[in-house]
Amino acid sequence: MTKNEIADVLTEIATLLELKGENPFKVRAYQTGARALEAIEEAELGRLIAEEKLGTVKGLGEALVQKITELHTTGRLIFFDNLKASVEPGLVDLLQIPGLGPKKIQVLKAKLGVTDIASLTAACHDGRVAALDGFGEKTQEKLLAGIKNREAYGKRHLWWDAAAIAEPIVTGLRALPQVRRAEAAGSLRRSMETVGDLDFLVSATDVAPVVAWFVAMPGVKEVTAQGETKASVRFESGLQADLRIVPDEQFVFALHHFTGSKDHNVQMRQRALARGLSLSEWGLVPADGEGTAKEKAEKRKSGKVENESELFAALGLHFIPPELREGLGEIEAAERAELPRLVELGDLRGAFHNHTTASDGRNTLAEMTAAAEALGWDYLGIADHSKSSYQANGLDEARLAKQVAEIRALNDSKKFKTHVFAGSEVDILADGRLDYDDATLASLDYVVASVHNALTQDEATMTARIIRAIEHPRTTMLGHATGRLLLRREASRVDLAKVIDAAIAHGVIIELNASPWRLDLDWRLWRKAAGRGLLCAINPDAHEIEGLRHVRAGINAARKGGLTREQVLTTWPLKRVREWLAARSAKTPA
Ligand code: DGT
Ligand code: CA
Ligand code: CA
Ligand code: ZN
């Protein structure tokens, strides 16, 4: 196991112990242990274990040393397995409801026998929760609302999680000897931020073995439908997947149809009709004459349309990338050859909002830089939390100065090809002031200003607060503008039109936070804003080296938002980015 995987296990142990009402010092020991582990470099951990010197690390007692060693060498921990088995799984689910921590859950369990969401729902409905000391009517209402949200959210899945399941399936389908073509269609292919279900489309010479393979895939929990040319399955996470198999000459039409969106399909069909044609999942045929669209398509067996480009061309259109197929004007733009040339993953040269172990990240500055170099990035911006984010171990002025010096020294050492920019993710305080004074801010290469607390302010207050931060001459970019967490937390109430206007007026970037849970600003706002001059930075908000890869989700959102390479600062080469940052700070009095 890697050190971050081990740290995850330690954190989970702490949670489970807390749920069991164990001694808080014991719980704290595991939390501290997890943090201590994160601060060590991976290679260092291996060495310490080999030399039996893990106990010399501050924060790791004997019990933890033994457990970490067991996890590191065997990948398992019997203590953890037993602990997991001793806690009702339903109790862990309760932690996902906002407002419920281990302490409250313990009270609910002891006083009301609550062991899962169902029993909590019942206890709320009976008013038993409100009657408990320390709970009350308001808490009960909030819990019920949280349960309802969770149900609604539970029906969809993050694109990132869905893609991780879908990609090996596409690879597996393509490897079957009977399969000619295979794609994942639907909202996944359109790169929607969340996905309802997966839609696989296959053309094959023989259907039965493909269906048989699909329903027997590892991870399938339930086969919900099985026919000759289609099947549906459900995975452990609740995610469902549909498979459809078509003859190869129908593949392109079916791929286009099942990619959608529905609105795009309806408009395409209307366009076809206006040209005397009928477009369907089976083919593109004359609209008049005998028989259904399916019968006509089968009769024609035309192999003329080889790929989607040819399908669009048959209707007088340029190719429309799947991300843009939302029925939001893309067909008109494709007709006029006005589709933007969308930014691509390979265009990225760096990113600006990333954390290290100095605040709440899980890899050191050197590890993050090495990972950025491995990705081929020319630059990496480090923006750890500022002092008011004490829950995230935010840096005070002295620690920040030390980090800036470390970054300068790392650059001077030429150890890595990747240049590191010294920045900070500075809290926007409740009144819109920034968390450091001007002299401290002036010591940085750039500033990401973000809201982390008082998320529930009313719209006018929040809007004024963010605009005040944008107006600060040292603010380079606004971080995760609405604070939303997809499927978990609603966006803050904020007038984004005003925020975007202010950012444009002050030459401040708005980030496209690429964390798969955030994707904030939403893609729906980018096209118009960028057209008016708003500059974007795709930032992974990485808290560990693996997190840097989240830029892929950011690219998805940027493409859905119609952004070109030029409109995304993080595709610019180092020299140009440096000049841009220098020109900005030259304008601002130090
Ligand atoms: P999802 O699964 O909710 O994230 O969204 P999609 O877009 O993947 O929707 P899904 O799985 O229900 O259907 C896949 C595609 O099939 C959809 O994007 C367009 C097409 N489709 C489904 N139902 C209809 C329909 O009633 N009319 C038309 N024109 N197309 C449809
Ligand atoms: Ca779908
Ligand atoms: Ca579907
Ligand atoms: Zn943040």
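The values are calculated or read from the model by the stated rules, or taken from the named source; none is laboratory data. This structure is a prediction, so every number in the text was calculated from the model and none was measured. Every residue, glycine among them, receives a Cβ derived from its backbone with ideal geometry; neighbour counts consider all protein chains shown. With ligands, DNA and RNA removed, areas are computed over all heavy atoms of the protein, side chains included. Shrake-Rupley method; radii C 1.70, N 1.55, O 1.52, S 1.80 Å.
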Give me the accessible area per residue for the stretch 219-328, probe 1.4 Å, as a whole number in Å². 50 Å²
Dividing the helical contributions, -39500 (n - 2.57) per DSSP H run of n ≥ 4, by the residues of the chain yields a 222 nm value, nearest 500 deg cm²/dmol, of -13500 deg cm²/dmol
How much of the accessible area of the chain, in percent, comes from carbon and sulfur atoms when a 1.4 Å probe is used? 53 percent
With only Lys, Arg, Asp and Glu charged, each at its Cβ (+1 for the first two, -1 for the last two), find how big the charge dipole of the stretch 126-194 is about the Cα centre; round to the nearest 20 debye. 460 debye
Can you give me the angle between helix 397-413 and the longest principal axis of the chain, using Cα atoms only, in degrees from 0 to 90, rounded to the nearest 10? 60 degrees
Quick check: the angle from helix 459-471's long axis to the longest principal axis of the chain, C-alpha only, nearest 10 degrees? 80 degrees
Above-threshold pairs, the threshold being 24 Å between Cα atoms, out of 142/387; 26/402; 3/26; 26/84: 142/387; 26/402
Hey, how many Å between the Cα centroid of the stretch 135-174 and the Cα centroid of the stretch 529-569? 24 Å
Work out from phi, with θ = phi - 60° and the Karplus expression 6.51 cos²θ - 1.76 cosθ + 1.60, the ³J(HN,Hα) of each residue of the stretch 306-320, listed in order in whole Hz, and give x for Gly and Pro. 8, 8, 5, 4, 5, 5, 4, 4, 4, 10, x, 10, 6, 4, 9
Using the beta-carbon distance between residue 288 and residue 225 and R0 = 51 Å, what value does 1/(1 + (r/R0)^6) give for FRET efficiency, to the nearest 0.05? 0.90
Over the stretch 3-153, with a single point scatterer placed on each C-alpha, what log10 of the ratio I(q)/I(0) does the Debye formula yield at q = 0.08 1/Å? -0.30
Exactly which trypsin sites (Lys or Arg not before Pro) in the stretch 392-467 are in a DSSP loop and have at most 12 other Cβ atoms within 10 Å? 414, 417
What's the magnitude of the charge dipole for the chain around its Cα centre, counting Lys and Arg as +1 and Asp and Glu as -1 at the beta-carbon? Answer in Debye, nearest 20. 580 debye
Peptides 102-113, 156-167 ordered by average Cβ neighbours within 10 Å, highest first: 156-167, 102-113
Share antiparallel - DSSP beta bridges, the chain, percent rounded to 5: 45 percent
Counting heavy atoms of the protein chains only and a 1.4 Å probe, report the per residue accessible area for the stretch 476-539 as a whole number of Å². 36 Å²
Euclidean distance of C-alpha centroids, the stretch 204-221 and the stretch 348-404, integer Å: 45 Å
List the residues whose amide H sits under 5 Å from the amide H of residue 452, counting only those 5 or more places along or on another chain, with H placed 1.01 Å from N in the peptide plane. 428
Taking Cα atoms, the helix 496-506 axis meets the longest principal axis of the chain at an angle in degrees (rounded to 10) of 70 degrees
Under 17 Å from the Cα of residue 155, which lysines turn up, not counting those fewer than eight places away in the same chain? 221
Rounded to the nearest 5, the percent of antiparallel DSSP beta bridges in the stretch 345-587 equals 10 percent
What nm value, rounded to one decimal, do you get for the distance between residue 22 and residue 85 when each label is placed 7 Å out toward the C-beta? 1.6 nm
Give me the mean projected area, in nm² to one decimal, of the convex hull enclosing the Cα positions of the stretch 195-306. 7.9 nm²
For the stretch 225-294 the GluC sites (Glu not before Pro) that pass both the DSSP coil test and the at-most-15 other-Cβ-within-10 Å test are 228, 236, 290
Give me the Å³ per residue figure for the convex hull around the C-alpha atoms of the chain. 190 Å³
